[in-house]
1. Please name which of A:A424, A:A161, A:A208 has its Cα lying farthest along the dipole of chain A towards the positive end, using unit charges on Cβ (Lys, Arg +1; Asp, Glu -1) and the Cα centre as origin.
2. Could you list, bin by bin from short to long, the percent of Cα-Cα pairs of segment A:303-377 in 10 Å steps?
3. Exposure proxy check: B:T220, A:T251 ranked by fewest other beta carbons within 10 Å?
4. With angles folded into 0 to 90 degrees, how steeply does helix B:12-21 sit against the dominant principal axis of chain B? Use alpha carbons for both and round to 10.
5. Taking only Cα atoms and a 10 Å spring cutoff, compute GNM fluctuations for chain A and point out the largest among A:D96, A:D48, A:D261.
6. Near B:K75, which lysines are there with a Cα under 30 Å away, not counting those fewer than 8 places off in the same chain?
7. Do the alpha carbons of any pairs in A:K236/B:K368; B:K368/B:K404; A:K114/A:K366 sit beyond 26 Å of each other, and which pairs?
8. Pop out the ³J(HN,Hα) list for segment B:410-419 in order, Karplus 6.51 cos²θ - 1.76 cosθ + 1.60 with θ = phi - 60°, rounded to Hz; leave Gly and Pro as x.
Amino acid sequence: MADQAGASNAPIPARTAVVIGGNRIPFARSGGAYAYSSNKDMLIAALDGLVARFGLQGERIGEVAAGAVLKHSRDFNLTREVVLGSALSPETPAYDLQQACATGLETVVGLSNKIKLGQIESGIAGGVDSASDAPIAVSEGLRRVLLDLSRARTTQQKIKALATLRPKDLSPNAPTTGEPRTGLSMGEHQALTTAAWEITREAQDELAYRSHSNLAAAYDRGFFSDLMTPYRGLTKDANLRADTSLEKLATLKPVFGKGLDAPATMTAGNSTPLTDGAAVVLLGSEEYARSNNLPMLATIVDAEAAAVDFVTGEEGLLMAPVHAMPRLLQRNGLTFEDFDFFEIHEAFAGTVLSSLAAWEDADYCKRVLGLDGALGSIDRAKLNVNGSSLAAGHPFAATGGRIVASLAKTLSEKGGRGLISVCAAGGQGVVAILEAR
Amino acid sequence: MTDNYLDLVNTPLPGKIAKALGLPRPSVLRRYTPGEPIAAKPVLVTGSGAGAEALADVLLGWDVEVRRHVLPGEKLSAAVVVLDRAASPEDLAGPLLELGQAARVLVPGGRVVAVFRSAADTTDPAVAAARQGIDGAIRSVARELRGGATANGIVLRAGATTTDATTLGALRFFLSGRSAYVDGQFLEVSGTPAEGVAGLAAATAAVGEGVPDQPLAGRTAVVTGAARGIGAKIAETLARDGARVVAVDVPAAGEQLAQVANRVGGTALQIDITAPDAAARILEHVGGRYGTLDIVVHNAGITRDKLLANMDASRWDAVIAVNIASQLRMNEQFLASPVFSTTGRIISLASTSGIAGNRGQSNYAASKAGVIGMVRAQAASFDGAGRTINAVAPGFIETDMTAKIPPLTRQVARRLSSLQQGGLPVDVAEAIAFLASDAAAGVNGQVLRVCGQNLVGA
């Protein structure tokens, strides 16, 4: 526990925030089962499944926080609209949050902090993303012309405004995973990091294989029966390949890092696909859980965010959690040895393996993280034991909710302490500690 | 599934044409709405003796206009035939001929309820002939009645009286819209159940004051197979009557299950009832959230129809596993758990296929007849212990399942019942809600058919 850590800079003791349970819809591959579902549809489905699981119909929850990475401008109040479309009381307040792929985890952190401070008794955190129903914007040129046109008063002004329109302005802007400041896609950024840490193709395929086999095994033992509600005919994550093998993964052609000097190692098998889905987590104070006879799966102990300078190439785009981790561990007086389960989001197998390599590298930890030596190594048997994003898929903002609910349930079954690490676009990352009750 | 023919003959011109041609003219049934009066028109109580007098007094206490004889030109809501003292077949003529006159003036959706003693409780051949004779006469009356009216019987077992709480509870059920599709059926009621039956005093009070709108208030009910069809309607009906509902179905049906749970303000539990830990998970959920499990409705069931000659092991085994083996295993664990109430109710879905058999359904009939066997044996072990177990056997009910029957067969199946129509899921649900209530505290080990007195499975 944070308040028992004895570190002088430990957080101020506050109330305890607990994970009561979670719900998500199975994740679909982009253009698949949810091709015509909006973010709103999917988040309502995930939320209503949670309401049904815990009997929250008509209840006023302290606050609902969620977000989406790919978001239509009309969805500026997405989460509030979702609450109004759900079985919750319409008197439940809500807000949207956006921190790229860390959105889901950050909503958990924000609401658990409110619970710890006594501002709310219950909260629902989560996220949703649709790569299928992504917003498509008009080009910057066309947008300017249309705005000028709306301001034009005379016919002459209108003609003048229209005259500036060029054929290229008519092609729309589709969203990309490219970083605005470097123009590189996330995969190309990771390829740089993967090569820098000399992560092998075999190691990445092995991680992907374990993700699929762990997720398949979790389904087989019914692990998700109280974490998931089917949607649109999908009852399991569509990306899961229970029958995949290292041999099959080895046949896939590299898709990222083909222009680098180092051999290209990142394939569609060891990178997450574009995915649609939604996930939510029910949080509460201990009093709330007790007075409503609700389970308490895990305590949310602490969290830390970090950001890195990836624009200059100083650090890899998805390496921010590597920096957040020692700060979180120090504040809580803990080391990797104190944890029983690790949930490291698999944006790419290379991301996970680069992070592990960095923490094990004494020179890097001294030079970059300012530590006395290597932060430590993580027992692979404790890593992503119920599968992660490579197998389940990664609907950006939904991933945090998936991880928190799955880890909390694992802790409630097996006991111990769990560590979460989620990387995000923009060179950001969030890490968090959960503890069994 | 809508019955277009029923809708059609209940409009003026097609109705006349159907009458002229002698075609079936099914009526729109009188179904229950909370707060409905027991009887809008007078009720005839025919039969003589203390039992009849006492029952007439109870009805008067319910603010019902009671008639001891049919009055010229007056419509009747119901006729209650009290024959608890019938000692020989000659004793039947008076009350039953009076009933014949009443049948002529019964309002649409009217009710005939006979109250008599069980032929099984006498060794006197003449008495048994009288009692069994009533059974036959009432079944025939049920076939003769038109306009959505029904005829049913309450069979008093040894020691039971015409005004026991359980007798009155059954009478209320048969008089009400809850029994709309129950026709030609007989419910056996035992006398005042053994001491220690919690809720019976409340039941007696409730019957005396008029049944409250929420007879299941404060109870927690588990309904399996609740995602759709009859199960979803059972969940809704129990919730309407005040119960907290835990809706159970397989994880694959979770989307519809969540919708049902949210509609009824209950909780959704995604489990496969054939899993060995199914009962444990139900008990954990109910125990943790609500403390006590009061009502279990074993509704989940599947069909895998094939002629026995073409049957394979997987079809046979799947039906047995879901429809009966799971219930046996779960009941054992429920009954051993302190979470299951000492006045707990178990209601199992049987089927008329399990009573009379059905071509292509040897596996299904085995499972559903198995349910009946299980209910009777388990009921004997409950005798006087405060818990009850009963079965409801639906006949032709308008569901997605019966919608798949070829159109002509479906039309015939509907018209084969005395009510000349299929039942609705709510009709099954109402019978279950009754069996779950305090009013049915003395009903144990019974198989109540909700079939409109269909010829099939008679």
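Bear in mind these aren't lab numbers, they're just calculated from the coordinates by the rules spelled out. In this text the structure is predicted, and so the values were computed from the model without any measurement. All Cβ positions, even for glycine, are placed from backbone atoms using ideal geometry, and neighbour counts span all protein chains on display.
1. The one lying farthest along the dipole's positive direction is A:A161.
2. Taking every Cα pair in segment A:303-377, the percentages come to 19, 56, 24, 1.
3. On the way: B:T220 24, A:T251 9.
The fewest-first ordering by Cβ neighbours comes to A:T251, B:T220.
4. Result, in degrees: 70.
5. Taking springs between Cα atoms under 10 Å, the residue moving most is A:D261.
6. B:K16, B:K19, B:K41
7. Numbers: A:K236/B:K368 32 Å; B:K368/B:K404 20 Å; A:K114/A:K366 35 Å.
Pairs exceeding the cut-off: A:K236/B:K368; A:K114/A:K366.
8. Whole-Hz 3J(HN,Hα) from phi for segment B:410-419: 5, 4, 5, 4, 5, 6, 6, 8, 4, 8.
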